[in-house]
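Read the structure below first, then the notes.
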Amino acid sequence: MNDPGKARVPNGIGAPVRRKEDLRLTTGRGRYVDDLALPGMVHAVFVRSPHPHARLAAIDAAAALAAPGVLAVLTGADYRADGLGPIPHNAGLMRAPDVAVRLNAPPIATTHYPLPTDKVRYAGEPVAIVVAETIAAAKDAAELLDVSYEPLPAVTHVADAVRPGAPRLWHEAPDNLCIDLEVGDAAATAAAFARSAHVARLDTWVQRVTGVPMEPRTNIAEYDAATGRYTLHTGSGRGVAKVRLDLAQVLGVPAEQVRCVCQDMGGNFGTRNFFYPEYAVLAWAARRTGRPVKWTCERSESFLSDYQGRDLKVEAELALDSEGRFLAVRGNNLSNLGGHAASFVSLQKGIGLVSSVYDIPAGYFRGRGAVTNTVSTTPYRSAGRPEVIFVIERLIDIAADEMGFDPVELRRRNLIAPGAQPYANPLGITYDSGHYAEAMNMALKLADWAGFPTRREAARRRSKYRGIGIANYVEITSGAPRERTEITVRPDGRVELVMGTMSSGQGHETSFAQLVTEWLGVPFECIDYVAHDTARVAAGGGSHSGRSMKLATTIIGQATDDIIAKGRRIAGLLFETSEADIEFADGRYRVSGTDRQVGIFDIARAAATRQDLPAELRGKLAAISDQILPVASFPYGAQVCEVEVDAETGRVEIVGYAAVDDVGRAINPMILHGQTHGGIAQGVGQALLEHSHYDAETGQLLAASFMDYAMPRADTLPALATELSEVPSPTNRLGVRSGGEGGTTPALAVVVNAIVDALAEFGVRHIEMPATPERVWRAIRTAATPR
């Protein structure tokens, strides 16, 4: 393992550089969509269904249209009449390097029009848009819109949705199932279970949560009648290039007629990565009204309409021999897709990693996804992986408890050895590399696991019940395989870096610049990052699945190599010497063995001004790298959580937390530690607090404000002890794995493991999430008396 803190070049790779964007953001100079005020801009309000499931009988817009200041009231019927298309979710299965699955039936893609015409399928689905001169006028007019609904039976829980006789959401999905797949070897797994000495079982539900970014979604759409061009100002983590293509498809126009602009973004976590109905409706409304149209999502509206995450029902088993060796794992995953089947990503990504970092010879899982009368679920931070890591880590703790093994030693006995890499897991994924035992040992040491018994005794004297838990994890970083960069070295001493990713807090403006500084030898401060406007960004896959840095190292590396090579040719001509005699280092070209040298910015000036250079060397000193790289890497690590429980109130206090993440190569350790801290908070929030709770009887979302949706706060967590491990991945230029999602991935499991350990003397063997004080209090009182 390398020292994460050492860097060869000041502000280069490995340096803990302070984020260059932070000064702008912390001094009020950030620029968000809501900050824009365009000439002639008008305002929109969406009218949303109060019913979770109902036919749309009629919409009477007369009173709303007659209200002062109203410019338009538009419905799904108007949308369809204008010939606009459905949202191109393109829900389907990912290709290699993600796990290959066997389908038990063809996947069903539900058609998602931004404004429905037949029926609504979740409470909060938009049915109309009101556009007026002011936001107040739009809100007043929205109250006058008369929508007639014919309520239908609703189903919100996925287990209920697949039962016989459940309300049907879509004609094309008569049993509400949209995907049914399997991975692994069912026969070999059954044989392993038949000869096992013990089987640990878990029936659980990983509850639904939502991203709750600090900045609610805001969009402004413009239409230029003279050119037929649309402009959408938005905040999308998937990147402006992807939004542009999708919006053009919905509008039925060439992509060249659509421009997408995104400045700063106040959080994402996957919530903003998919196409929203509002994008299409606002662009259409701008064309219909001839005015720029702005919509700002209010917080309660955000809870109702933002895509949500998780919501997985799992039945799983782990087979062991008498010595505690894992023999096989099997189970069923049932994913709640929401009202529209927008994505199968989380189901597929998770199901391939159920065996995690453990040497399990056989495995079989079935995965299904069903629609319900809820908001659609899409990939949410570390899509699918926290759920399955929760399952396998809980199974291991259950097995340790039932068989009398130490939970750490049981894990250590079954970890995949470094020499076994590359390792084909039993579900169809091949890991590239990893020192899993070393990462676990680092976490144990960081948490002072050995000193826990003393701390437990001290807590007991204070009438508190102390527990400790451990969880290992592995992830896969794949995502959209195409990425593009354009790098230009300018004669004025600046370097422009154009990329197709979109930062929502990851620090791209800083860490990508560190790559350029390292390889071109230019000052870190001179690099300008451009990623926010399709007028400049031609392609790119955005930020998701831990893909950004892994792909950036390859394409930025190639582009800088090409720039250096072109500059070497120019330098050879300037010095009238062989190109082979030109060395490049620290941003300067030198003739070997002499003091003759020239800087890279001088070379850029020569390329721009010297007419005696060959035609292919004149112009910009620039390079483009546009590559498709369908290659995964596999971040991994371990976390230890220590809790104290007040048995009288059920309150859980996290008193210690340690995390080790192997990121392959740390470009900026400071940013990576920050990503880990944020990821831990997000995982802890789900383990203890968060739940997008839909009432099973009414279908209504009961957690639609911060009064009902509990969030982690600063005092929820202690000081976090985090370390980075650097075992390079062999799949990319720098050996980068990923560092943005590892904090979240094992957090659900490690917190619950710690709580169950604290409650073990009461006879508690498992607790569901969120582990609220009430749930913990009830678990204590319904379990056996203290031992």
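Contact annotation: no residue pair with Cβ atoms under 6 Å, 6 or more positions apart or on different chains, pairs a residue in region 325-347 that is modelled with pLDDT under 95 and assigned to a helix (DSSP H, G or I) with a partner that is surrounded by 24 or more Cβ atoms within 10 Å (Cβ to Cβ) and acidic (Asp, Glu).
For region 728-768: of the residues being surrounded by 19 or more Cβ atoms within 10 Å (Cβ to Cβ) and among the acidic types (Asp, Glu), which is nearest to the chain's Cα centre (by Cα)? In this case the residue turns out to be 741.
Set side by side, the residues 661, 646 differ, and just one is over 23 Å from the mean Cα position of the chain (by Cα), within 30 Å of residue 444 (Cβ to Cβ) and of a type in the set (Asp, Glu), which is 646.
Could we say that residue 318 is modelled with pLDDT of 95 or more and open to solvent by less than 10 Å² (accessible area, probe 1.4 Å) here? Taking the combined requirement at face value, the residue satisfies it. Note on region 401-416: residues that are free of Cβ contacts under 8 Å to residues at least 60 places away in the same chain and touching a strand residue (DSSP E or B) at 6+ places or on another chain (Cβ under 9 Å) amount to 2.
Could you please find all residues in region 235-272 being outside any helix (DSSP H, G or I), of a type outside the set (Lys, Arg) and either farther than 30 Å from residue 208 by Cβ or without any contact (Cβ under 8 Å) to a residue 12 or more places away in the chain (or both)? Within region 235-272, 252, 253, 254, 258, 261, 263 meet the criteria. One residue alone among 385, 394, 310 is under 14 Å from residue 748 (Cβ atoms), in contact with a His (Cβ under 8 Å, 6 or more places away or on another chain), of a type in the set (D, E, K, R) and surrounded by 23 or more Cβ atoms within 10 Å (Cβ to Cβ), and that residue is 394.
Taken together, the residues in region 69-91 that are open to solvent by 30 Å² or more (accessible area, probe 1.4 Å) and assigned to a loop (DSSP other than H, G, I, E, B) amount to 5. Of the residues making up region 354-371, not a single one is under 27 Å from residue 215 (Cβ atoms), in contact with a strand residue (DSSP E or B) (Cβ under 8 Å, 6 or more places away or on another chain) and open to solvent by less than 10 Å² (accessible area, probe 1.4 Å). Among the residues here, residue 259 does not qualify as farther than 19 Å from residue 542 by Cβ, touching a strand residue (DSSP E or B) at 6+ places or on another chain (Cβ under 6 Å) and open to solvent by 30 Å² or more (accessible area, probe 1.4 Å). Can you name the residue in region 510-543 that is out of contact with any helix residue (DSSP H, G or I) (no Cβ under 8 Å at 6 or more places or on another chain) and surrounded by fewer than 20 Cβ atoms within 10 Å (Cβ to Cβ) and, of all such residues, is nearest to residue 679 (Cα to Cα)? Per the stated criteria, the residue is 530. The listed residues are 201, 208, and the only one of them that is in a strand (DSSP E or B), touching a residue at least 24 places away in the same chain (Cβ under 8 Å), crowded, with 18+ Cβ neighbours inside 10 Å and not hydroxyl-bearing (Ser, Thr, Tyr) turns out to be 208. Looking only at region 134-150, count every residue that is open to solvent by 80 Å² or more (accessible area, probe 1.4 Å) and within 35 Å of the chain's Cα centre (by Cα) and tell me the total. Result for region 134-150: 1. Of the numbered conditions (1) at pLDDT 95 or above; (2) more than 21 Å from residue 294 (Cα to Cα), residue 231 satisfies every one except a single condition; which is it? Unmet condition: (2). Residues in region 151-171 that are open to solvent by less than 80 Å² (accessible area, probe 1.4 Å) and under 20 Å from residue 312 (Cα atoms): 154, 155, 156, 157, 158, 159, 160, 161, 162, 166, 167, 169. From the list 677, 673, the lone residue that is out of contact with any helix residue (DSSP H, G or I) (no Cβ under 8 Å at 6 or more places or on another chain) and free of Cβ contacts under 8 Å to residues at least 60 places away in the same chain is 673.
Counting the residues of region 92-107 that are open to solvent by 40 Å² or more (accessible area, probe 1.4 Å) and either under 30 Å from residue 76 (Cα atoms) or in contact with an Asp or Glu (Cβ under 8 Å, 6 or more places away or on another chain) (or both) gives 7.
Listed here are the residues, each with its yes/no results for (1) within 30 Å of residue 359 (Cβ to Cβ); (2) open to solvent by less than 10 Å² (accessible area, probe 1.4 Å); (3) within 27 Å of the chain's Cα centre (by Cα).
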residue	(1), (2), (3)
447	yes, no, no
459	no, yes, no
469	yes, yes, yes
472	yes, yes, yes
479	yes, no, yes
491	no, no, no
494	no, no, no
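A count restricted to region 43-68 and to residues that are surrounded by 14 or more Cβ atoms within 10 Å (Cβ to Cβ), closer than 17 Å to residue 134 by Cα and over 33 Å from the mean Cα position of the chain (by Cα) stands at 3. Kindly establish whether residue 355 is in contact (Cβ under 8 Å) with a residue 40 or more places away in the chain, outside any strand (DSSP E or B), farther than 20 Å from residue 683 by Cβ and touching a Pro at 6+ places or on another chain (Cβ under 6 Å). Yes; evaluated as a whole, the condition is true for this residue.
On the stretch given as region 700-726, residues that are of a type in the set (A, V, I, L, M), in a loop (DSSP other than H, G, I, E, B) and open to solvent by less than 20 Å² (accessible area, probe 1.4 Å) total 1.
Taken across region 537-546, residues that are part of a loop (DSSP other than H, G, I, E, B), within 41 Å of the chain's Cα centre (by Cα) and either without any contact (Cβ under 8 Å) to a residue 40 or more places away in the chain or farther than 30 Å from residue 741 by Cα (or both) do not occur at all.
If you go through region 630-673 and keep only what is under 22 Å from residue 421 (Cβ atoms), assigned to a loop (DSSP other than H, G, I, E, B) and among the small types (Gly, Ala, Ser), you end up with 632, 664, 666. Taking the conditions (1) of a type in the set (S, T, N, Q); (2) open to solvent by 60 Å² or more (accessible area, probe 1.4 Å); (3) touching a Phe, Trp or Tyr at 6+ places or on another chain (Cβ under 7 Å) in turn, residue 421 satisfies each one other than (2).
The values are calculated or read from the model by the stated rules, or taken from the named source; none is laboratory data. All figures in this text were calculated on a predicted structure; none of them were measured in a lab. FYI the Cβ positions are ideal-geometry reconstructions off the backbone, even for glycines, and counts take in every protein chain you see. Side chains are part of the model used for accessible areas, which takes the heavy atoms of the whole protein and leaves out ligands, DNA and RNA. Shrake-Rupley method; radii C 1.70, N 1.55, O 1.52, S 1.80 Å.
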